[in-house]
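The values are calculated or read from the model by the stated rules, or taken from the named source; none is laboratory data. Model, not experiment: these values are computed from the prediction. Neighbour counts are summed over all protein chains in view; Cβ atoms, including those assigned to glycine, are modelled from backbone coordinates with ideal geometry. SASA here: full protein model, heavy atoms, side chains in, ligands and nucleic acids out. Shrake-Rupley method; radii C 1.70, N 1.55, O 1.52, S 1.80 Å.
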Amino acid sequence: MTTEFAQLGLMSQLDQTVSDLGYITPTPIQSEIIPLMLDGNDVIGQAQTGTGKTAAFMLPILQTLERNHSGIQALVLTPTRELAIQVAKAANEYGKRLNVRVLAVYGGQRYNLQINRLRQGVDIVVGTPGRLLDLINKKVLDLSSLRTVVLDEADEMLSMGFMEDMEEILSTLPSERQAALFSATIPPKLGRMINKYMHSPKSVTIKSKHLTVDATEHQYCLVNKEDKLAVLTRLFEIEDITSAIIFVRTRVGTSDLVNELTGRGFPAEALNGDLNQQTREQVLNRFRSNQTTILVATDVAARGLDINDISHVFNYDLPEEPELYVHRVGRTGRAGKTGIAISLLATRELWRLHRIEGFTKQEITRKPIPTTEEIEEHRKTQLLEEMTTWLDRGRCRRELQMVTQLVEIGHDPLKIAAIALKMVRREEKQRPIAQISEVQEERFQNSRRRTPLSNSPTRRLQNSRRKIKSIKKRKDRNGANSSYEKGMVRLTFGAGRSHGVRPADVVGTIAYHAKFPGNTIGSISILDKHTLVDVPQQYVEQTLAKSGEYKIHKRAVKLNLA
Ligand code: AMP
């Protein structure tokens, strides 16, 4: 039995259940909220997903449920369908010794299903505001005997435009009921709602630093904007990623990045507002079951996700607001596991990073971008480790026979082994290490210090001269038809964004007709009326030879040297 949970005043069935779940000590939010709610107080908890807030409000709800009562006794409002399902699941789990009846309701689900379940009798309803209001208006959700209402992730509901629905629901509830509100932030609109609908609430603030679970390492890489993708793929080589979410600013950004990553041998899936409910659920299931390791998401699409144990969160684009950073990284390092949050930013975005550090009271340390040498060394170490494992296993009878054949005709065993390794490493050649340019941070810092000068005519002249020089230098280095990536040649064709071209179309048609691996294709820039694509030098001839055969959306495209 967990004595500390027992000290919170929980009944033995709940105490036993949390112990079965392996909870040893209550989290800070649980230690504070549980006794307050058991005493009947209204509460405000400033806490994020990952802090154990669900148990903080659900355990007292379960304890105070009246047995043999027919009406709905508790209502939990959540911003998303995923969070509703997650909270309902937790309620069932925590209430397993109490035969509690829980129902999750959300948009997209058949009304009949929800209405039938409500008719059979439910103790706790968890749902999204829109659907809850629909059911109230249809007079099938009777909340007249409600004892507790919880607003979970209230700031998220607010930013998703649920303010009016929330207020309407609150106004229909009996006045003698307990209210609990959980939110990472309390914007003024929420403050006004609290004053109106809560009775002398007791506030519990888990210090900002605890909002982002302590077990998360916060890092950032300083990059040139155009090198973000290259840096990301370099990090993928070195980091021990079991599951990752990459946050980007826009929906279009998610699809573009997914295509770029998949084309480079890092299969990823997009999670954005374009997906219908069914596809979204399929994407999430594949991620949960580890069939997909990398999700590329927007903030809106990732709201309230029920996903645990993410090893890495990447901020491909920095969040606009520091609060969003907390929401994003709150998904890593949950329930005692260490997670890593890595932000990619340009020098001129450093001020935003400092704002985030100020808000979270969390230092974000600089991480050097992995160098080509480090990645090569890492690949080598990994291969040697894998070989050692196989050597220990020793199951290679047939391969030994083949080696014996080679030795018998006079080859040196050491050389045979080396050649075998070389053949294995051919695959690595298909994954060229993306080139990056040096970050000019010193120049930026100097120019920032001398702000008044930076706009002066002299400075502008110096800047434009410098720009011309650097473009010239790159041209000299690469030659007219080359890309800025080593070993790549830039080709072009006359169809672009306005024709609906996407990176996957480019990779697909070229790889299919020119017959070489799509993941070797380099950078792709889709402009309005034409597209630029980098093809490895060794495949250029065969790519151009098939120039008459490429098709994108049934439209023939002709590839030429750029
Ligand atoms: P939540 O913030 O409610 O989403 O909870 C985050 C995760 O922490 C869930 O996987 C819970 O099962 C787990 N959890 C909640 N309370 C505890 C606790 N006291 N000890 C260990 N794990 C916990």
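Of the numbered conditions (1) open to solvent by less than 60 Å² (accessible area, probe 1.4 Å); (2) free of Cβ contacts under 8 Å to residues at least 60 places away in the same chain; (3) in contact with a strand residue (DSSP E or B) (Cβ under 9 Å, 6 or more places away or on another chain), residue 6 fails exactly one; give the number of that condition.
(3)
Within the set of pairs 6+ apart or on separate chains, which have a first residue in the stretch 25-40 that is in the same structural domain as residue 146 (by TED's automatic domain parsing), a second that is open to solvent by 50 Å² or more (accessible area, probe 1.4 Å) and within 15 Å of the ligand (Cβ to nearest atom), and C-beta atoms under 7 Å apart?
Every condition considered, the pairs that remain are 25/4; 26/4; 28/210.
Sort through 9, 45 and tell me the only one that's on the phi > 0 side of the Ramachandran plot and either of a type outside the set (S, T, N, Q) or more than 11 Å from the ligand (Cβ to nearest atom) (or both). Steps first, answer last, please.
Numbers: 45 fails: on the phi > 0 side of the Ramachandran plot.
None of the others qualify; the one that does is 9.
Can you tell me which of 81, 67 is under 26 Å from residue 190 (Cα atoms), more than 8 Å from the ligand (Cβ to nearest atom) and basic (Lys, Arg)? Full working, then the answer.
Values: 67 fails: under 26 Å from residue 190 (Cα atoms).
Exactly one residue qualifies, and that residue is 81.
Going through 103, 98, 65 one at a time, which residue ends up being touching a residue at least 40 places away in the same chain (Cβ under 8 Å) and either closer than 23 Å to residue 170 by Cβ or polar (S, T, N, Q) (or both)? Before you say what the answer is, go through the steps one by one.
On the way: 103 fails: touching a residue at least 40 places away in the same chain (Cβ under 8 Å); 98 fails: either closer than 23 Å to residue 170 by Cβ or polar (S, T, N, Q) (or both).
So the residue among 103, 98, 65 that is touching a residue at least 40 places away in the same chain (Cβ under 8 Å) and either closer than 23 Å to residue 170 by Cβ or polar (S, T, N, Q) (or both) is 65.
Kindly establish whether residue 255 is within 22 Å of residue 324 (Cα to Cα) and open to solvent by 40 Å² or more (accessible area, probe 1.4 Å).
Working: within 22 Å of residue 324 (Cα to Cα): yes; open to solvent by 40 Å² or more (accessible area, probe 1.4 Å): yes.
Here the answer is yes, as residue 255 does meet what is asked.
Taking the stated definitions as given, is residue 154 open to solvent by less than 10 Å² (accessible area, probe 1.4 Å) and modelled with pLDDT under 95? Step through it out loud before you land on a result.
Numbers: open to solvent by less than 10 Å² (accessible area, probe 1.4 Å): yes; modelled with pLDDT under 95: yes.
Spelling it out, residue 154 is indeed open to solvent by less than 10 Å² (accessible area, probe 1.4 Å) and modelled with pLDDT under 95.
For residues in the stretch 248-267 being at pLDDT 90 or above and of a type in the set (D, E, K, R), which is nearest to the chain's Cα centre (by Cα)?
249
Applying the selection to the stretch 477-498, what residues are at pLDDT 85 or above and open to solvent by less than 40 Å² (accessible area, probe 1.4 Å)? Break it down stepwise before answering.
The initial filter retains those residues of the stretch 477-498 that are at pLDDT 85 or above, namely 489-496.
Across the stretch 477-498, the qualifying residues are 489, 491, 492, 493, 495, 496.
Out of the residues in the stretch 121-131 that are in contact with a strand residue (DSSP E or B) (Cβ under 9 Å, 6 or more places away or on another chain) and either open to solvent by 30 Å² or more (accessible area, probe 1.4 Å) or part of a helix (DSSP H, G or I) (or both), state the one that is farthest from residue 80 (Cα to Cα).
It comes out as 131.
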